[in-house]
Each structure stands twice: as structure tokens, then as C-alpha cells.
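A.B. asks: One structure follows; several queries about it will come next.
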Amino acid sequence: MSYTKLASALRAGSDICLTRAVISCRLRSTVASPRTKPSSESQDQSIDATRSVLKKAAAQVDHISQTENAWSKSEVFIDFENTKEAYKSKETSELLRSLLVFRLCSFDFLVDKNKELINLSKKVLGNRLFEQLMKMTFYGQFVAGEDQEAIKPLVRRNRAFGVGSVLDYGVEEDLTQEEAEKKEMESCVSEAEKENHGVDHREKKYKAYRRFGDRRGGVISARTYFYADEAKCDQHMETFLKCIEASGGSSEDGFSAIKLTALGRPQFLLQFSEVLVKWRRVFHLLAADQGKAGLSALDIKLEMKQLQESLAKLGLGAKDETQNWFTGEDLGMSGTVDLLDWNSLIDSRTKISNLLVVPNLETGQLEPLLNKFTDEEEMQMKRMLQRMDVLAKKALQHGVRLMVDAEQTYFQPAISRLTLEMQRKFNMEKPTIFNTYQCYLREAYDNMSLDVELSRREGWYFGAKLVRGAYMDQERNRAAEIGYADPINPDYEATNQMYHRCLDYVLEEIKHHRKANVMVASHNENTVKFTLQRMNELGIHQSENKVYFGQLLGMCDQISFPLGQAGYPVYKYVPYGPVNEVLPYLSRRAQENRGIMKGSQRERLLLWTELQRRLLSGEIFYKPVY
């Protein structure tokens, strides 16, 4: 029953309306023990008291309804065509630089040969002049500065115009393809696999292949880390800690981003991902036995009795044994088991090598994924989890929200599960840890809706960053060549639909429970407009700070700054680092902008429009005031 209908029923004053209002709202009553029949006078007093309470409730309901209506009627109109507002934080020289950089990015030859041209420029100009040239062009456009001190002016200026910062140390190791492949194979293949090459039950998707060892191939918008040793992982952790400290020092509501492949040996992520996927596959097999195939993940509920019989038939456990699998406070109490109950069988807080156990349907036994783990491999796995814990505690201490970036699908199940465990621990009082959902994946909605449901059951704050995805071409090529199902949506439109479906689900969750939070990380103007429209329809006000927007530094200012000036929480990803060490990052930005500039010239047209406006209005020497 809506607030408005409830209020009108309460105001009607009749006993029938009062009764219906109480029933329709499912108000709980206290069941009294049997007692003597009250007098008519006491009955009248009771009715008057009830009416008084309900009138107060009606007033509160009216207030809530009026507030929602006020939000709905006071929808903030944001004009993304208004160049004066979009670029009021920029000097004219910065507009000219943007036009130059975007124009250069549209030339295939320059983008394809950018590494060769960079090396040539260094030789001809020398390092000092080369760095100056980069700061006047690509570096100045996409990178905030060389260190945490140098980036402060830009961070302060953006904040003055309503845009926050997600600090990101943009330095990457510049490896050759051969070096990257060698490191990947060494870090993703266990000792047991080396000793028993080809003799295992590992799935093709979750094994390492030299020809796909360079994970940078076909990726233009995500940084890639390769495992060297534990000391290098500690260095990465220290870098992330500095970013968290800097984010906490620059604003009260900062974000910082991390990647789990930077924090440990990826062998564990591959193996744990395979375990999680195999257990989930058994669940869906059991669901098919009960005639529930094809339902969405949250809608599948297995009858406990039939489940135990099926497990016994598969040889995975006798009835009396499997009954003890679901002995938690809520597990199996309803007589059914859903996927969240099933997932809880895998407890990430046990000895790590004991996690890597999978059901073998051929033998009917629970078997280790690998024959053995060395003590060193066990310690490497533990150290990855310890580094994650250190970063989460630092983020909580400094009031910074920590976003865990998504990676390739053969790593992602483990990354998502480990992030979920961090959320269960650190998101009890506020949203500190954010997971990332790649909406070009076919399973994006199921994965996200399951996590939302778990947060609802356990009472912690759900935090999500929604992206379309960075590894599409690489994922498709790997699936086709190795021979497993393509995990990517069939086309761009299907990905758009998935993005909006996931986003709408989180927005509905915010409306009803106010404990979910989402970062809309998108340069797509239609997606931003869709978000604003749904926020208005659902009564989610920008001042609640439940919905954030994110774009890269140097791109889509015509979206970021109007949003910020209208009071919406919006953030720029702000990379920083020495010029020569962020060149791989700049190379990717050039490739990404080539696609954007070829697909649409809108941003360049808006920049030209603002230049012309300043020229005609005598503001060509405009300086932002803040």
C-alpha cells in the first residue's frame, strides 16, 4: 500500500478504514493473554487512543509523501549542452590542449605507432624537452602530476567545482610481450601441475596459456599487473596505502581503487575461481533435477529432502552427512536451499588449501583441485588475503571507500568472492568496500542480485561500481581459441541493456532499504540521463550520497562538471606519476580516445562551441575563480 493511500485511509477516520489501513500495512500487534471483558468506557478510550496514534502516523506518512513529491517535482534539469557551465573550471589554454589531443587521437597512424613515435621523440628532443612536450599535451590532459604534492592544485580546483577524485598511481611496468608471458606462466602454474603436466581434472578456462600470457593484449582501459615476487606485491600494497592516505587527506568522501592481481600470486585466483564455478555448476545440476532449470539465480530454491536424495545418488554424501552441511542459523530452516545457502558451504576463513576442494561427479567424491600444495604456495595465498585486510583497515581508518577493480573472467569469481568477504567484515556500519560488476558479462545481473540479497540478509552495506567492461576482445578470442563458452553478451546493445538492468536493480534497492550504494562509472551520456531519471522517479535525492558518477580525468568534462555543480556526487579517476613511468597508461588513453572520437565528435564540437563563445564575449583570457 502506498504512503498516499495509507494517509487517506487514516484521515478517513472510520473504524473500517482504520482496520483496513492497519491490516494493509501489516502492523504487528501484541498478543495479550486472556483477560476479563473490558468496559464500554475503556473500549471508547482505547478507540480514541488508537485514533490519536493513527492520526500521528498519518501526519508522518504525509510528511514522507510530501518529501518524496517535493523531490519528484524539484527535479534538477542538467543541460549537458551548456558549454559555459561545463567548462567553467578550465582556462582557454586547457580547452585548446583538449582539442589538440583529441584530434591527434583520431589519427590511426599516430595511435598505432605511438610507442615508436615516443621513442623517436625522446632521441630527438632529449628527455627534458620530451617531458615538457608531454606535459603540454597528453600527460597534461590525462595525468594530474608527478606525485601526491603536485596533484593537490588540480584536486582542489576540481573539488571547488563539485568534482571529487579517485586517486590512482598510474605507473606500470613496461615489459616486452615475451617477458609478460614468462612471468604469467611462472606465477599461474603450481608445482603440482609442473610435476604432473597434463594429468589433472582442471578446466581449460582456468589454466594458464603462454599465447594468452600477456594480459595487456586487446586491453585499452585497464592497468595490468604481473607477479614478480612477494616483495613486489608488498611494494604495490605500500603504493595503494599512500593513495588511500592521500585520498583521505584531500577530501572527506574520497575513493581509492585497487587490483587483486597486484597483491599476490594469480595462481590462487585461478584455482579458487575454478572451485567456485564448479560448486555453482553442481547447484544448477541439482536444480535441473528438481525441474527448476532456467530460473534466475535468486529464484532457484531446492527442496531439502530432494536435495539430500540427489546428493546421495551422486555419491557426494549420505543423507545424515549432508544434513549437517546446512546447520547455520538460517541455512535450510525454511526447508529449502538457495544459491546463497549453497555458496556458504565454501568458507574463505578456513585453511586456504582446504578451500580448493571440488565435487567429482564421476567418482562421487570431494577431491582436492590439485594433488598437493607446497608450504610456500599456502603462504603466498595467505599473504594476498593479509594485504587485502591491511588495505581495508587503512581505508576504514581514513574514511576512504575502497573499490576493487574487476579483471578477466578466469580470475573474477575469486576476486568477487574475496571482495564479498571484505564487505561482510568492513561494511557493517557504512559502505567502505565496493565490488566492480562488468555488465558486458552474461552473468552480471545474477552475480550482482545475489550479492545484494546477501547484504540484505546479513545487514551490511552493499557497494557496487558498474562498468561495461575492459577485456571484451581478449575474452572472446581466448574463449574461441581454447574452446569454452563465450562469457560476453552478444552485442553492444545487449551490454547496454544489462548495464541498465543492473543499475535499476540497485536503485530499487536504495529506494526500499537505503543501505545500497552504487558508482555509475560511465562516459555514456544516455546512461547518465537514465540514472538521473530513475533517481527522480524513485525519490532518491542527490544529497543522500547513495549514487555516484565516475569518469576519467581529461575525458567527458561536459558530463562530470554539470553533474557536480548540480550537487550530484561525481568523481574523476585521477592518475599520477612521473612522465616516463606513466607512458603505458597514456598509450591506452590514446587508443581509447581513438574509438570515442571516431564514434562521436560531440566532445570536440562542445569544446569548439565554448572557444567561440569566449572569443565573441571577450572572455578569451578567462581564468576560473574558486
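The values are calculated or read from the model by the stated rules, or taken from the named source; none is laboratory data. This one's a predicted model, so the numbers in the text were calculated from it and none came from an experiment. Counting neighbours? That spans all protein chains shown, and the Cβs are built from the backbone with ideal geometry, glycine included. SASA here: full protein model, heavy atoms, side chains in, ligands and nucleic acids out. Shrake-Rupley method; radii C 1.70, N 1.55, O 1.52, S 1.80 Å.
A.B. asks: Given just the C-alpha atoms of the range 177-278, how large is their convex hull per residue in cubic angstrom?
C.D. replies: It is 132 Å³ per residue.
A.B. asks: Considering the Cα trace of the range 528-570, what is its radius of gyration and what is Dmax, both in angstroms?
C.D. replies: Considering the range 528-570 through its Cα atoms, Rg and Dmax are 10.4, 32 Å.
A.B. asks: Kirkwood Rh, the range 381-449, all Cα pairs: how many Å?
C.D. replies: Averaging 1/r across every pair of different Cα atoms and inverting gives 12.7 Å.
A.B. asks: Per residue, how much accessible surface does the range 493-552 expose to a 1.4 Å probe? Answer in Å², no decimals.
C.D. replies: Per residue, the range 493-552 has 36 Å² of solvent-accessible surface.
A.B. asks: A further question follows. Under 14 Å from the Cβ of LEU286, count the other residues' Cβ atoms, weight Lys and Arg +1, Asp and Glu -1, and hand me the total.
C.D. replies: +2
A.B. asks: Another one. Using a Cα-Cα cut-off of under 17 Å, which aspartates and glutamates could be cross-linked to LYS135, ignoring same-chain neighbours fewer than 8 residues away?
C.D. replies: GLU91, GLU94, GLU146, ASP147, GLU149, GLU581
A.B. asks: From the cross-link list LYS394/LYS623; LYS301/LYS515; LYS84/LYS430; LYS194/LYS278; LYS84/LYS115; LYS122/LYS205, which pairs have alpha carbons spaced over 30 Å apart?
C.D. replies: Over 30 Å Cα-Cα: LYS394/LYS623; LYS84/LYS430; LYS84/LYS115; LYS122/LYS205.
A.B. asks: Let me ask another. Tabulate in residue order the Karplus-calculated ³J(HN,Hα) for the range 227-235, using 6.51 cos²θ - 1.76 cosθ + 1.60 with θ = phi - 60°, rounded to whole Hz; enter x for Gly and Pro.
C.D. replies: 6, 10, 6, 5, 5, 5, 5, 5, 4
A.B. asks: With 14 Å as the cut-off, how large is the P(r) tail for the range 481-533, expressed as percent of Cα-Cα pairs?
C.D. replies: Considering the range 481-533, 62 percent of its Cα-Cα pairs are separated by more than 14 Å.
A.B. asks: Cα-based Rg (one decimal) and Dmax (whole number) for the range 404-520, in Å?
C.D. replies: Over the range 404-520's Cα set, Rg and Dmax evaluate to 14.4, 46 Å.
A.B. asks: Roughly speaking, what is the centre-to-centre gap between the range 128-186 and the range 208-261 when only Cα atoms are used, to the nearest Å?
C.D. replies: Between the Cα centre of the range 128-186 and that of the range 208-261, the gap is 13 Å.
A.B. asks: Continuing with this model, one more query. Which entries of LYS182/LYS465; LYS183/LYS382; LYS90/LYS123 show an alpha-carbon separation above 29 angstrom in the structure shown?
C.D. replies: Over 29 Å apart, Cα to Cα: LYS182/LYS465; LYS90/LYS123.
A.B. asks: Count neighbours as other Cβ atoms within 10 Å of each site's Cβ, and list the GluC sites (Glu not before Pro) in the range 384-489 that are DSSP loop with at most 12 such neighbours.
C.D. replies: Those satisfying the criteria are GLU429.
A.B. asks: Specify the inter-centroid distance of the range 603-625 and the range 266-325, based on alpha-carbon positions, in whole Å.
C.D. replies: Computed from Cα coordinates, the inter-centre distance equals 62 Å.
A.B. asks: Under unit Cβ charges (Lys, Arg +1; Asp, Glu -1), what dipole magnitude, rounded to 20 debye, does the range 94-193 have relative to its Cα centre?
C.D. replies: 1100
A.B. asks: Would the range 89-148 count as rounded, prolate or oblate if I go by the C-alpha gyration tensor, calling it rounded below 1.5 in a/c and otherwise prolate when a/b exceeds b/c, oblate otherwise?
C.D. replies: Verdict is oblate for the range 89-148.
A.B. asks: Convert each backbone phi in the range 444-453 into a coupling constant with the Karplus relation 6.51 cos²θ - 1.76 cosθ + 1.60 (shift: θ = phi - 60°), then list the ³J(HN,Hα) values in order as whole Hz, x for Gly and Pro.
C.D. replies: The phi angles translate into 4, 5, 4, 4, 6, 5, 5, 5, 4, 4 Hz.
A.B. asks: Check which residues have an amide H placed less than 5 Å from SER165's amide H, if you skip close sequence neighbours.
C.D. replies: PHE255, LYS572
A.B. asks: With no solvent and one point on each alpha carbon, what is the Debye value of log10 I(q)/I(0) for the range 485-574 at q = 0.21 Å⁻¹?
C.D. replies: Cα-only, vacuum Debye calculation for the range 485-574: -1.04.
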